[in-house]
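Engineer: What follows is a single structure, and I will ask about it in a moment.
The values are calculated or read from the model by the stated rules, or taken from the named source; none is laboratory data. As the structure is a prediction and not an experimental result, all values here were calculated from the model. FYI the Cβ positions are ideal-geometry reconstructions off the backbone, even for glycines, and counts take in every protein chain you see. Heads up: the accessible areas ignore ligands, DNA and RNA and are worked out on the full protein's heavy atoms, side chains in. Shrake-Rupley method; radii C 1.70, N 1.55, O 1.52, S 1.80 Å.
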Amino acid sequence: MPILDPPGRLQVERLSNGRRKLLRELRYAVGGAVVTVPAGFVTDYSSIPFGFRWIMRWNRVDVAGVVHDCLYRNPAYPRLRADWIWFEVARSGRGQARAWPHQALAGLVALVLFGWAAKATGPACTRLDKCGWLVVDLLLGAAVLWAVRQAAG
């Protein structure tokens, strides 16, 4: 079982741009390694597009998002390895901080499909901008409408 050190909730300060700054160091043992996220690290947790929020709850993947943001900014971790670690952390939490299996799988699929955009932008930005998420939401909405029309025949 991965270890969250220190135990308990994340201690963060909300910044004016909506991101959060860690107030204390976070260490998480996962995948045979210990990931250390330093105090002062700025994160956006898990970037969940509006159209997917009915599937994924932020409070269930907050720690996974912080660890994942840290790994994305570390060139020593390949993107797919960081994505897999997000999945492991999301599934390893306790209580309200643990993603359900379908949530973790949906998150992993989204990271594999869309994570390249965040990784490609470098350390200054770890998420798509609002316009990028709007495009994702519109495409998701169009796909759902198409599927409903196909089912209705």
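Engineer: Applying a 10 Å radius around every beta-carbon, put 59-67, 38-46 in order of their mean neighbour count, most first.
Structural biologist: 59-67, 38-46
Engineer: Let me ask something else about it. Ordering SER47, SER16 by accessible area with a probe of 1.4 Å, largest first, what comes out?
Structural biologist: SER16, SER47
Engineer: Here's something else I'd like to know. How much length is gained if the chain between GLU13 and VAL144 is pulled fully straight, taking 0.36 nm per residue apart and subtracting their Cα-Cα distance, in nm to one decimal?
Structural biologist: Length difference between fully extended and current span is 43.5 nm.
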